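What follows is a single structure, written as structure tokens, with notes after it.
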Amino acid sequence: MTPSPRIPWRKSLLVRLLLTSIAIAVVSVGATAWLAVETTTRAIQEERGQVLSDDTDILRQLSGYAATHADWDGVRTSVRTLSRTMDRRIALTTETGHTIADSAAPGTALPTRASATVDPLNTDTYTEPGAQLAGIDPRAVGPYLLPPAERAGVKSLATKRLACIRRYGNGGSSRLIPSGRTVVTLSGGDAALPLECADGLLNTPTRTEQKALDELGALMDSCPDHEQGQKKVRTFGAGTELIPGNTPASDTGNPVMGYPRTQGCIDSSRRKQLAPYIAPRARLYLGSLGQQPAGFDLSPANKAKIVGVSGLVLAVTVAMTAFVAIRLVRPLRALTAAAQQPPQRHARVAVTTKDETGYLAAAFNDLTARREQLEAQRKAMVSDIAHELRTPLTNIRGWLEVTRDGLLEPDPDLIASLHDEALLLQHIIDDLQDLAAADAGTLRLHLEPVRADELVAQAVTAHRTRAEASGVRLLIRTDPGLWLNADPVRMRQALGNLVSNALRHTPEDGTVTVTARQTGDLAVLTVEDTGSGIAAEDLPHVFDRFWRAEKSRSRRTGGSGLGLSIVRQFVEAHEGTVTVDSEPGKGCVFTIRLPRAQHADR
């Protein structure tokens, strides 16, 4: 049997499949990991930004409530509304920890840390949306809040001022500040108010504002001496807005009323003035609803990216799998088509690759060749069996017909000849039965420890008479104490077939030597003759059934052609081997190697 060729690892089908699977896995895992990181990071950033924006907006709205209310009594409704809108838990507590309002169910524990402090007197969340600036929230106007009549009057003055500015070709705009005052702003930071428009009316404090400013002045007079200085109070003039608590100025920028005080004095005085109108300082707690981590939803763009990348990975996977599968299936289909051909066609396939499928195709071609050879041998064996059985049967029939016709008397010689032909038929049939049992796996062996010298002696004794009649010397050489684990009947038959074959091909005065020796763990039995030998081209066929070196199939030099086949079957059934070495004109050496039995002499 031809050994399987060694396949280079680069061309191994297993390696190629593994590399394909690894490549697909790497692409899939890499794409999935990249996509997961990319989309998750972006979604988390978006969610974090959204949460931060929502939290800032919540603080901004609650600061606006505090700036416009003297207490927190009505804030619960606003908190619940904000909670539903922002999908966040919102809780307000006093500085001492007393709950003011909470959107969660009663008894729900607060988050471990407060998110912010609601303090309009110290934190400005209005001027720049999304930012927390130091200072007073502009929505905390307190006594500076204009009544409707004053609002209408200031708005009318602002409208006239804006019309005047535009009449002189300048740009500007007006807007309403939290106190209710309408202010006018010039376009461009360096633009100057036309003198014709500076009527001094728009920036003149109203009655409400003047009263509040007088209160502020009184509070500033009570500042400690170390806070007094020459720092001028901020004014509001042309193009600027009136900030509650600032000292008003005329359109020319000259102070209407100035207070030589520091900014610290002004700020502290304003806080004292506004404190009665502002809700007390409170702590703001923010969290997710149900105290569970807030989840996030992927954006449509991220979802589309996931679908796209997943589709691309799937397409690459399908393409690579299809490519490899086509290359693998093509030779397999060729093998299938060849195998489905009628047996007599002995179809072969082309070997196009050097991987496992290529070697499979080569092995299939070898199998086809062996099948073709076996078919030829089967036909030849049928012909040989017919020939081997026809000859003795023809002889028996001929002699019986002659005797029946009275042409020959049935004397002892005739009966002996007929008996020999019958024995030959029985011998052929017995050999065929043994071969059929070996082929079917039903050949039974009765293994037992056997002395090699006794086995050789019995086989030689059975052929001693024939050797003497042929003038051939029959010699024995055995190592003492050598045991075999074998079926004595089958091994005597195998060894006897070798001795009989040697005697048949050894001329007169020749020698046949039977030996038994030990080589390592093996028992080696040899039958060596000094006959005509076998040609080198015939050696591979020696153990084939019905094969004989004598092509004429003469009974004088050849037997039935089954003896050596039986030897091989019996030896292989004992898990041994039989080989032949020969040189034409110098004889043959048949060697049987069997496992040696570990048995002590009895």
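The values are calculated or read from the model by the stated rules, or taken from the named source; none is laboratory data. Keep in mind that this is a model prediction, so the values were computed, not measured. Cβ coordinates were reconstructed from backbone atoms using ideal geometry, including for glycine residues, and neighbour counts include every protein chain displayed. Calculation scope for accessible area: heavy atoms of the full protein, side chains included, ligands and nucleic acids excluded. Shrake-Rupley method; radii C 1.70, N 1.55, O 1.52, S 1.80 Å.
Structure notes:
- Cα convex hull of the range 58-194, projected area averaged across orientations, nm²: 11.1
- Shown for the range 433-534: the carbon plus sulfur share of the solvent-accessible area, taken with all protein chains present and a 1.4 angstrom probe, equals 46%.
- Relative packing of peptides 399-405, 586-592 - highest average C-beta neighbours within 10 Å first: 586-592, 399-405
- Protection proxy ranking of 364-371, 78-85, 500-507 - average other beta-carbon atoms within 10 Å, highest first: 500-507, 78-85, 364-371
- With all protein chains in place and a 1.4 Å probe, the accessible surface of the range 113-161 carries 56 percent carbon and sulfur.
- Heavy-atom accessible surface of the range 129-189, averaged per residue, reaches 50 Å², computed with a 1.4 Å probe.
- Other residues within the sphere of radius under 14 Å centred on the Cβ of R490, judged by their own Cβ, net out at -4 (K and R +1, D and E -1).
- Peptides 194-201, 157-164, 138-145 ordered by average Cβ neighbours within 10 Å, highest first: 138-145, 157-164, 194-201
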